[in-house]
Amino acid sequence: MADKLKVATTSLAGCFGCHMSFLDINERMIELAQHIEFDRSPITDIEHCGPCDIGLIEGGVCNSDNVHVLREFRKNCKVLVAVGACAINGGLPAMRNHFKVEDCLNESYIDGLGVENAQIPSDPELPLLLDKVHPIHEIVKVDYYMPGCPPSGDVFWTFLSDIIAGEEPSLPYELLHFD
Amino acid sequence: MRKTITIDGQEIPYTEGQTIMDAAISADIYIPHLCHDPDYEPHGSCKLCTVSVNGRNCSACTFPAMEGQEIINHSVDLEQDRKRITQMLFVEGNHFCPSCEKTGNCQLQGIGCYLNMHDNHFPHFFANREMDASHPDILIDQNRCIFCNLYVRASQEKDRKNVFAISGRGINKHLIVNSISGQLKDSDIDIADHAVHICPTGAILIKRTGYQVPIGQRTYDHTKIDAVTLAKENKQHGR
Ligand code: SF4
Ligand code: SF4
Ligand code: FES
């Protein structure tokens, strides 16, 4: 049997809903495991991405760390995929783009309802927020897109099956949703 | 003698005064369109209906049908142009479909899916657009307005009012309301007006009617926009 395809996944400015949806392929994961193995991913806890065949990116780019992770994936993955509305157009986090970062932070950490010991987090370990949330194609070249919020388990299954079969990935109308 | 034009090799009849779009709809041929509704004067602004007429690109909704026209409606190039136009409409506004009540019933989204559009291709404008929630029954969310101008035409041509207009240019283009305060609640609008129900996207919504049809069971969730539109517009033409 041919070597397994290496797949890396990450969640940037996303809600992990896309990763949860990936798990919705349920028992098909066992079949998938015969064809792929995971590299860097919340599923493996591997911290850095090695050379991979496929990189699945959930979420847009909202802070400096997201930029570095995204670039690491692009450098290492032959095929980079924007997974879900957030990676494709910024998604719901990008709804903050109409407000100043300062106003967002004040609303969350200073003036927000029920805030105690109000202060804006400033630990040096915390990545700095960008002034806007960006879709990932504005930072790196993206090869394929899986629309949906989240894309259904069937979308993941169809997409990965196509790649495993060496075919150009395509989605039938029934699986193409922007919501 | 019967007058005819040819669309993608198919000869179809037309009558004097019809546009290419009119003739196509009557012949059950779908030409993608967003700013056009056969009940109103053509506006020719979205350019989705671009077809090639004897080798030159024209808007089917405004171009008169004429004897001897050889029209191409489906080609790789035209589909690509239409996809890019749709992507421009998406990045120009703020379209977060997962949080939009119109999702699944939206013509813009329906066109996107019909064209097999997976991404928005261009950098996003993230333009600042206003909302007007002042009216007790009607909500305007300009983030989703594509300036099809249908609400302007509906208000003028059918409602015999003049509630809406479009103002500004480029990123600052926006819908304006004809009232002293500029707010919808102070205008002549009525919930029964055609202008309130014509919006192809989620820019004009009726309050307290949201999510009555669950996501997944909506108009374009299982049926492509070409079939939905032809069925509707042929009926409008009394066929
Ligand atoms: S696309 Fe939807 S499910 Fe995926 S990360 Fe964004 S909000 Fe979550
Ligand atoms: S108006 Fe249509 S395209 Fe825009 S957010 Fe709503 S459903 Fe999506
Ligand atoms: S439908 Fe013809 S330009 Fe919009």
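The values are calculated or read from the model by the stated rules, or taken from the named source; none is laboratory data. Given the structure is predicted, the values throughout are model-derived calculations rather than measurements. Don't worry about glycine lacking a Cβ; one is built from the backbone with ideal geometry, like all the others, and counts go over all protein chains shown. Accessible surface is based on the protein model in full, side chains and every heavy atom, while ligands, DNA and RNA are left aside. Shrake-Rupley method; radii C 1.70, N 1.55, O 1.52, S 1.80 Å.
Here the condition is being open to solvent by less than 60 Å² (accessible area, probe 1.4 Å), away from ligand 1 (no atom under 12 Å from the Cβ) and under 20 Å from B:Glu101 (Cα atoms); of A:Leu171, A:Leu175, it holds for A:Leu175 alone. The single condition from (1) part of a helix (DSSP H, G or I); (2) touching a residue at least 12 places away in the same chain (Cβ under 8 Å); (3) of a type in the set (A, V, I, L, M, F, W, C) that A:Cys149 fails is (1).
Here B:Cys61 fulfils each of the conditions (1) open to solvent by less than 20 Å² (accessible area, probe 1.4 Å); (2) closer than 30 Å to B:Pro13 by Cβ; (3) within 14 Å of chain A (Cβ to nearest Cβ) apart from (3).
Among the residues of region A:143-168, what is the count of those that are open to solvent by less than 20 Å² (accessible area, probe 1.4 Å), facing chain B (nearest Cβ under 9 Å) and at negative phi?
From region A:143-168, those open to solvent by less than 20 Å² (accessible area, probe 1.4 Å) are A:146-148, A:151, A:153, A:155-156, A:159-160; that's our starting set.
Narrowing the set further to residues that are facing chain B (nearest Cβ under 9 Å) leaves A:146-148.
Right, trim to at negative phi and you get A:146-147.
Selection size over region A:143-168: 2.
The single residue among A:Leu160, A:Leu175, A:Leu80, A:Leu171 that is touching a residue at least 12 places away in the same chain (Cβ under 8 Å), in contact with a strand residue (DSSP E or B) (Cβ under 6 Å, 6 or more places away or on another chain) and away from ligand 2 (no atom under 16 Å from the Cβ) turns out to be A:Leu80. The set of residues from region B:18-34 being surrounded by 24 or more Cβ atoms within 10 Å (Cβ to Cβ) and either aromatic (Phe, Trp, Tyr) or within 16 Å of ligand 2 (Cβ to nearest atom) (or both) comprises B:Pro32, B:His33, B:Leu34. The residues in region B:123-140 that are within 14 Å of another protein chain (Cβ to nearest Cβ) and surrounded by 15 or more Cβ atoms within 10 Å (Cβ to Cβ) can be counted, and the count is 5. Taking the conditions exactly as written (at pLDDT 95 or above and surrounded by fewer than 17 Cβ atoms within 10 Å (Cβ to Cβ)), does B:Asp37 satisfy them or not? Answer is no for this residue.
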